Amino acid sequence: MDLTQFEKNICYTFSNKEFLRNALTHTSYANEQNVESNEKLEYLGDAILEFVTSEYLYNNYYNLKEGEMTKVRASVVCEESLYKVAIRLNFSDFLYLGKSEIISNGKTRPAILADSVEAVIAAMYLDGGIKPVKQFIINNLKEAIKIASQNVGMKDHKTVLQEKLQVHGDVKIEYEIIKETGPDHDKEFTAQVKLNGKVLATGEGKSKKSAEMQAAHNAILNNEF
């Protein structure tokens, strides 16, 4: 497989192409061909990803407390976030998968794609050091970090709303996603929150969870209960 286009996608050219091939080799292919899989690279890549993200948060988000930085990092260093990176950079076109995974559409599985991003991060580090790795991670995750940092204070809105609504007894509180727009790697969700079947407010966000949080926040601000 010619990986030149993949290197263009990630904006990095490997000196040692074996690092890259290893990073894109899923266990299913490795078992069939008796070669090394990318599992060990995933392990290293996960640690590098956490470090770089932590350092970036520490140096650029002075207003966040330690617990808030931890929450932001957790929301960014996760399968969903890395899956979006893989989709945006067309990782699926370059993975080495075994026959069973190809048949079962393994190229579209979020876990496989997210793991491959971690493996490529580790391969890039082994090939070129920390500088290109930092550039790759920040370029691909800084927007997600920004969004997560803005929403970190919203974590308690659903709880606050529930407490306000239940002050006079048990009630039925429901959240529903009513709209999705945008491509897979850049979705926008609209959620509504209902009290005993009555819509209290709506909210928007880059994830279903953040949209629900915003809906709860708007309900509190509107005081429509």
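Write out, first by first residue and then by second, each pair whose Cβ atoms fall under 6 Å of each other, whose residues are 6+ apart or on separate chains, and whose first residue, in segment 129-154, is over 16 Å from Thr13 (Cα atoms) while the second is of a type in the set (D, E, K, R).
Ile147/Lys206; Val152/Glu68; Val152/Lys71
Report whether or not Ser100 is at pLDDT 90 or above, in a helix (DSSP H, G or I) and assigned by TED's automatic domain parsing to the domain that holds Asn34. Show your work before the answer.
On the way: at pLDDT 90 or above: no; in a helix (DSSP H, G or I): yes; assigned by TED's automatic domain parsing to the domain that holds Asn34: yes.
Considered against the rule, which asks whether it is at pLDDT 90 or above, in a helix (DSSP H, G or I) and assigned by TED's automatic domain parsing to the domain that holds Asn34, Ser100 comes out as no.
Among the residues in segment 11-29, are any closer than 17 Å to Ile137 by Cα, among the aliphatic types (A, V, I, L, M) and touching a residue at least 24 places away in the same chain (Cβ under 8 Å)? Talk me through it step by step, then tell me what you get.
Of all residues in segment 11-29, those closer than 17 Å to Ile137 by Cα come to 11-14, 20, 23.
With the extra rule that they be among the aliphatic types (A, V, I, L, M), the set shrinks to 20, 23.
Still in the running and touching a residue at least 24 places away in the same chain (Cβ under 8 Å): 20, 23.
Yes, the conditions are met somewhere in segment 11-29.
Those residues that are assigned to a loop (DSSP other than H, G, I, E, B) and either within 30 Å of Leu113 (Cβ to Cβ) or touching a His at 6+ places or on another chain (Cβ under 7 Å) (or both), I need them from segment 176-197; list them, please. Explain how you work it out, then say what you get.
Start the filter on segment 176-197 by keeping residues that are assigned to a loop (DSSP other than H, G, I, E, B), which leaves 182-183, 187, 196-197.
Of everything in segment 176-197, those that are assigned to a loop (DSSP other than H, G, I, E, B) and either within 30 Å of Leu113 (Cβ to Cβ) or touching a His at 6+ places or on another chain (Cβ under 7 Å) (or both) turn out to be Gly182, Pro183, Lys187.
Yes/no per residue for (1) aromatic (Phe, Trp, Tyr); (2) in the same structural domain as Leu41 (by TED's automatic domain parsing); (3) assigned to a strand (DSSP E or B); (4) out of contact with any Gly (no Cβ under 8 Å at 6 or more places or on another chain):
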residue	(1), (2), (3), (4)
Tyr125	yes, yes, no, no
Ala144	no, yes, no, yes
Gln162	no, no, no, yes
Val199	no, no, yes, yes
Gln214	no, no, no, no
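Tell me, which helices (runs of 4 or more DSSP H) lie completely within segment 33-96 with 2 or more residues that are modelled with pLDDT under 95 and touching a Ser or Thr at 6+ places or on another chain (Cβ under 8 Å)?
On the way: elements: 39-60, 66-76, 79-88.
By residue number, 66-76, 79-88.
Limited to segment 173-218, what total is found for residues that are surrounded by fewer than 18 Cβ atoms within 10 Å (Cβ to Cβ) and small (Gly, Ala, Ser)?
2
When only residues in segment 100-139 that are crowded, with 16+ Cβ neighbours inside 10 Å and more than 25 Å from Glu55 (Cα to Cα) count, which is farthest from the chain's Cα centre (by Cα)?
In this case the residue turns out to be Glu101.
Do you know which residues across segment 101-146 are small (Gly, Ala, Ser), more than 23 Å from Gly205 (Cα to Cα) and in contact with a Leu (Cβ under 9 Å, 6 or more places away or on another chain)?
Selection gives Gly106, Ser116, Ala119, Ala122, Ala123.
The values are calculated or read from the model by the stated rules, or taken from the named source; none is laboratory data. Nothing here was measured: the structure is a model prediction, and the numbers come from that model. So basically every Cβ, Gly included, is an ideal-geometry build from the backbone, and we count neighbours across all protein chains shown.
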